[in-house]
1. How many Å² of accessible area per residue for the chain, probe 1.4 Å?
2. If packing is taken as the average number of other Cβ atoms within 10 Å across a peptide's residues, how do 51-57, 39-45 rank, most packed first?
3. Restricting to bridges with both residues inside the chain, how much of the DSSP beta-bridge set is antiparallel, in percent to the nearest 5?
4. So how far apart, in nm, are the two label points at residue 73 and residue 22 if each is 7 Å from Cα heading toward Cβ?
5. Using only alpha-carbon positions, what ratio does the radius of gyration of the chain give when scaled by 2.2 N^0.38 Å?
6. Taking Cα centroids, how far is segment 14-34 from segment 49-78 in Å?
7. How far is it, in nm, from the label point at residue 50 to the one at residue 12 when both lie 7 Å from their Cα along the line to the Cβ?
8. Work out how much length residue 61 to residue 42 would gain on full extension: take 0.36 nm times their residue separation and subtract the Cα-Cα distance, in nm to one decimal.
Amino acid sequence: LLAQSRERNAAQDITGLLLYHNGGFVQVLEGEETTVRRVFSSILRDERHHSVITVIEEPISERAFPNWRMAFRDLSTP
């Protein structure tokens, strides 16, 4: 799933971060607004995802993860 996301993100100029901890995820998506909304809509339609909560949705002047098509960190392991 992560490899597929990175490929799709590269094609759509999406960057971001995915954090995992004990079965839960936090994700940051960055890019052109309509593209980010389209990607997020596809996440919502994907049956593998449930209990999705938007924490922050706001315009940015600069990407926090400009070189990461989808950085990943498993916080469950030391």
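The values are calculated or read from the model by the stated rules, or taken from the named source; none is laboratory data. Remember, predicted model here, so these are calculated numbers, not experimental data. Glycine also receives a Cβ, built like all others from the backbone with ideal geometry; neighbour counts cover every protein chain displayed. Just the protein is used for accessible areas: all its heavy atoms, side chains included, with ligands, DNA and RNA removed. Shrake-Rupley method; radii C 1.70, N 1.55, O 1.52, S 1.80 Å.
1. Value for the chain: 79 Å² per residue.
2. 39-45, 51-57
3. In the chain, DSSP labels about 65 percent of beta bridges as antiparallel.
4. Each label point is offset 7 Å from its Cα along the Cβ direction, giving 1.8 nm.
5. Details: Rg = 12.4 Å, N = 78, 2.2 N^0.38 = 11.5 Å.
This ratio for the chain stands at 1.07.
6. 3
7. For residue 50 paired with residue 12, the spin-label model returns 2.4 nm.
8. Working it through step by step, the gained length comes to 4.4 nm.
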